[in-house]
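The values are calculated or read from the model by the stated rules, or taken from the named source; none is laboratory data. All values derive from a computational prediction rather than experimental measurement. Positions of Cβ are backbone-derived with ideal geometry, glycine not excepted, and every protein chain shown enters the neighbour counts.
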Amino acid sequence: MKLSSLLLSSLLVIPSVTAFPFEPIKVLQLGEDEIISVKESDKWSLLRRGIKFIDITKYHNKEAKLSLPFLNKKPSETVVPVYEYPTNVTHSKLVNSITSQIDKGSMHENLSKLTSFFTRYYKSETGFQSAQWLSTKINEIMSKLPEDKYSIEHIDHKDWKQFSIIVRIHGSETPESIVVMGSHQDSINLLLPSILPAPGADDNGSGTVTNLEALRLYVEHYLSEGNAPLNTIEFHFYSAEEGGLLGSLDVFTQYAALEKKVVAMLQQDMTGYVMDPEDEHVGVITDYTTPGLTDFIKLIIDSYLAIPYVETTCGYACSDHGSATKNGFPASFVIEGEFKKTNKYIHSTMDTLDRLSFNHMAEHVKIVVGSIIELGDWKFTTHV
Ligand code: BES
Ligand code: ZN
């Protein structure tokens, strides 16, 4: 018997406290190839029971304007082009000089602000306000650059208020080759998402401030050197990851439909928790990611970080990198540590800033800065 059948029978007998009589029905993809339909409020009971899914409602019906290339495919069947990545680093001096400027005080200030919103739940008013704050912060960083060198796009998701934000630093020679640094801005309290607070310090305030700091440093470097990267560099701040990768699916499905060429995507989700300070490391995720790109990320960690990596798996498409790979784009994901050593307070009121290490977040900033400096001018060719 399939997991979904067991699960659906249990959902029938246990009424959900948040169920409303005319709730929308959502179509969810569980694991490799199971597709089920449930009431919206049942999504949260599934997650509370450890049943993972992505929400493909929008793409599932026959009238859907966009189709997901992966809908009828297993992850192993999704074709991701194989690009060549650097096999040794060539910008050590520059990367080390940029990362010596990491400002943990500013990261602390940003994380304090992000966690001060009651919740960043994507359907909530405060989740919309937190996106507005993030947008103002990004504008502040980017407005130092000449206007024609960058653009900022707000993605309006129609079905909910919190928008995703895309920051684009235009490539000067091969702007069609896009390097993406991603993180999700929303938080959730899985017990009662619309009612209870969700500070979401680690999940994913930490990844958001990691990327904000890397962006700030990159803009400072751009200003001092005056040269644009050859490739386009984008920073994505997704909405609604906690609802089943909703925001990033919108973004990457649109990119696939527009035949954009994303050559690398790196996700930052949970970058601040260290379970055992004696064994501090980062976790390199090896499932639902792209092996060649992941090898390059390991090189970046070995070259630029003060701590090692441990290979680990989620067992499912646990964050927005999944939306990239499922749409045929190469993606990778580095998390705060081995899966079993990650923060157990996430999705609750206890996911707070005082439990996190800013030194550890700074190590993640080095991964982002190292990656964009090494890939910004890299000439991408596909492996034949
Ligand atoms: N940050 C988590 C993913 C995560 C959790 C990775 C714990 C490693 C350890 C992410 O925000 C999340 O909550 N993902 C959902 C799945 C998503 C598709 C709804 C999850 O893991 O339950
Ligand atoms: Zn989460």
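Odds and ends about this structure:
- Output for region 306-339, where each listed residue is crowded, with 21+ Cβ neighbours inside 10 Å, of a type in the set (A, V, I, L, M) and away from ligand 1 (no atom under 13 Å from the Cβ): Ala324, Ala331
- Any hit, region 273-296, residues being surrounded by fewer than 24 Cβ atoms within 10 Å (Cβ to Cβ), over 27 Å from Arg355 (Cβ atoms), in the same structural domain as Gly171 (by TED's automatic domain parsing) and among the charged types (D, E, K, R): yes
- Residue check, Ser239 farther than 22 Å from Met361 by Cα, within 16 Å of ligand 2 (Cβ to nearest atom) and of a type outside the set (Phe, Trp, Tyr): no
- Failed item in (1) more than 25 Å from Leu215 (Cβ to Cβ); (2) within 16 Å of ligand 1 (Cβ to nearest atom); (3) in contact (Cβ under 8 Å) with a residue 24 or more places away in the chain, with Met350 passing the rest: (3)
- Failed criterion for Gly205 (all others in (1) within 15 Å of ligand 1 (Cβ to nearest atom); (2) over 30 Å from Ser97 (Cβ atoms); (3) part of a helix (DSSP H, G or I) hold): (2)
- Single residue of Gly243, Gly207, Gly200, Gly226 found to be modelled with pLDDT under 95 and not acidic (Asp, Glu): Gly226
- Within region 266-296, tally of residues that are closer than 25 Å to Thr115 by Cα, more than 16 Å from ligand 2 (Cβ to nearest atom) and in contact with a Ser or Thr (Cβ under 6 Å, 6 or more places away or on another chain): 2
Table: residues versus (1) of a type outside the set (S, T, N, Q); (2) in contact with a helix residue (DSSP H, G or I) (Cβ under 8 Å, 6 or more places away or on another chain); (3) away from ligand 2 (no atom under 16 Å from the Cβ).
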| site | (1), (2), (3) |
| --- | --- |
| His170 | yes, yes, yes |
| Glu173 | yes, no, yes |
| Leu191 | yes, yes, no |
| Thr208 | no, yes, no |
| Val219 | yes, yes, yes |
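- The residue list Leu249, Leu245, Leu258, Leu215 contains one member that is away from ligand 1 (no atom under 15 Å from the Cβ), assigned by TED's automatic domain parsing to the domain that holds Glu311, touching a residue at least 12 places away in the same chain (Cβ under 8 Å) and not polar (S, T, N, Q), which is Leu215.
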